[in-house]
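K.L.:
I'd like to ask you about the structure that follows.
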Amino acid sequence: MHKVFIDGGHGTTGLRINEYLAGRRDIEVLSIDPEKRKDLSARVDMIKQADVTILCLPDAAAAEIAEAAPADSVIIDTSTAHRTAAGWTYGMPELSGDQRDAIRSSTRIANPGCHASGFILLVRPLIDAGLLDKDALLTCFCMTGYSGGGKKMIASYEDPERNGSLGSPGQYALGQSHKHLPEMVKMTGLENAPCFSPVVADFYSGMVMTVPLHTSQLKCGAGPDEIKKILHDSYDSEPLITVHDEAPEGGTVYSDPMAGNNGMEMYVTGNDERVLLIASYDNLGKGASGAAVQNLNIVLGTDETEGLV
């Protein structure tokens, strides 16, 4: 029986992880005294008892507890605090051929950001294959459900007396300083941050990341077919990623069909001049809690889809 401690288990990400682990016979989720949930010493004691600890905390709190924890304690951090930090392994098994081994042998694992997950998994294979230059100037657009903003945003959207504007999509991070940009650059190998337009809309969970490309940006006259082949080669053996050859029936990719699902679906659409790379997934699934459980399974040596829908 493996022991897991979820520090911050009452937040949106932590609650979902608890749901995934609740029915597991191979895992015991350790509980801390509610009165000691903010007691650093008590939390470190829980980490010492656990085989794996999952942090579901704000950045500053995650950095504090990670610093205080024993170096040999296995920690999966779902915050932004350590995604590009030295000594931390990026928790995206599909990133490269040796990433699973790196996760399996690490004691410090940084869970990817939700927006970053789609962008990285769409773009990294094209750079690795030499189809796209590292100095490419890219743009990306992402529509997400409001649960990605945590309890405060959820409460504002679900308030019966909410601001009427919340019924329409809202573009944010207008200053081009979104907190996921550093990992989007580092984990793809890009030399420049993409021009990123995230949009939050009036649905609970699900998201669609879109990366538009002019085929003139690609090498060797490549177009949609070459991109599809590279994505198939990269992900057809992956249990949680599906690459489609055709656009969805009706020609529309909606943002919430993957809600509650822990996989990711990819599409390559467009024509010989302009292409759209599209990733559809759940911001709380493959974009957060589901990814954390996938990493947990890898660390524990179990089927990495165990407990995931």
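K.L.:
So is MET209 in contact with a strand residue (DSSP E or B) (Cβ under 7 Å, 6 or more places away or on another chain) and assigned to a helix (DSSP H, G or I) or not? Even if it seems obvious, please write down each step before you answer.
P.N.:
Details: in contact with a strand residue (DSSP E or B) (Cβ under 7 Å, 6 or more places away or on another chain): yes; assigned to a helix (DSSP H, G or I): no.
No, not satisfied.
K.L.:
Another question, then. Can you tell which of LEU277, LEU300 is over 21 Å from TYR146 (Cβ atoms), touching a residue at least 60 places away in the same chain (Cβ under 8 Å) and in contact with a His (Cβ under 6 Å, 6 or more places away or on another chain)?
P.N.:
Answer to the check: LEU300.
K.L.:
Something else about it: Pick out the one residue from LEU132, LEU137 that is within 22 Å of ALA279 (Cα to Cα) and either exposed (fewer than 14 other Cβ atoms within 10 Å of the Cβ) or not assigned by TED's automatic domain parsing to the domain that holds THR188 (or both).
P.N.:
Details: LEU132 fails: either exposed (fewer than 14 other Cβ atoms within 10 Å of the Cβ) or not assigned by TED's automatic domain parsing to the domain that holds THR188 (or both).
Being within 22 Å of ALA279 (Cα to Cα) and either exposed (fewer than 14 other Cβ atoms within 10 Å of the Cβ) or not assigned by TED's automatic domain parsing to the domain that holds THR188 (or both) holds for just one of LEU132, LEU137, which is LEU137.
K.L.:
Then there's this: Suppose the filter is assigned to a loop (DSSP other than H, G, I, E, B), of a type in the set (S, T, N, Q) and outside the structural domain of PRO58 (by TED's automatic domain parsing); does SER197 pass it?
P.N.:
For SER197, the condition - assigned to a loop (DSSP other than H, G, I, E, B), of a type in the set (S, T, N, Q) and outside the structural domain of PRO58 (by TED's automatic domain parsing) - is not met.
K.L.:
Restricting segment 72-97 to residues that are modelled with pLDDT of 95 or more and over 17 Å from ALA292 (Cα atoms), which is surrounded by the most Cβ atoms within 10 Å (Cβ to Cβ)?
P.N.:
Only one residue fits best here, namely ALA85.
For every residue, the table says whether it meets (1) modelled with pLDDT of 95 or more; (2) closer than 27 Å to LEU21 by Cβ; (3) in the same structural domain as THR12 (by TED's automatic domain parsing).
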position	(1), (2), (3)
VAL208	yes, no, no
PRO212	yes, no, no
SER234	yes, no, no
ILE241	yes, yes, no
PRO257	no, yes, no
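K.L.:
Specify which of the listed residues (VAL268, VAL253) is within 14 Å of SER280 (Cα to Cα) and outside any loop (DSSP other than H, G, I, E, B).
P.N.:
One residue alone meets the criteria, VAL268.
K.L.:
If you don't mind, there's one more thing I want to ask. What are the residue pairs meeting all of these: first residue in segment 188-199, first residue touching a residue at least 24 places away in the same chain (Cβ under 8 Å), second residue among the acidic types (Asp, Glu), Cβ atoms under 6 Å, and 6 or more apart or on different chains?
P.N.:
From segment 188-199, the pairs are GLU191/ASP135.
K.L.:
Hey, LEU276 hits all of (1) assigned to a loop (DSSP other than H, G, I, E, B); (2) surrounded by fewer than 24 Cβ atoms within 10 Å (Cβ to Cβ); (3) not hydroxyl-bearing (Ser, Thr, Tyr) but one; which does it fall short on?
P.N.:
That leaves (1) as the condition not met.
K.L.:
Given the structure, is LEU166 buried (at least 17 other Cβ atoms within 10 Å of the Cβ) and part of a helix (DSSP H, G or I)?
P.N.:
Here the answer is yes, as LEU166 does meet what is asked.
K.L.:
Of the numbered conditions (1) without any contact (Cβ under 8 Å) to a residue 12 or more places away in the chain; (2) polar (S, T, N, Q); (3) within 27 Å of GLY14 (Cβ to Cβ); (4) in contact with a Ser or Thr (Cβ under 9 Å, 6 or more places away or on another chain), ASN163 fails exactly one; give the number of that condition.
P.N.:
(3)
K.L.:
Continuing with this model, one more query. Can you name the residue in segment 173-194 that is among the hydrophobic types (A, V, I, L, M, F, W, C) and either on the phi > 0 side of the Ramachandran plot or assigned to a helix (DSSP H, G or I) (or both) and, of all such residues, is surrounded by the fewest Cβ atoms within 10 Å (Cβ to Cβ)?
P.N.:
ALA173
The values are calculated or read from the model by the stated rules, or taken from the named source; none is laboratory data. Keep in mind the model is a prediction, meaning the values are calculated, not measured. Note that each Cβ is placed from the backbone with ideal geometry, even for glycine, and that neighbours are counted across all protein chains shown.
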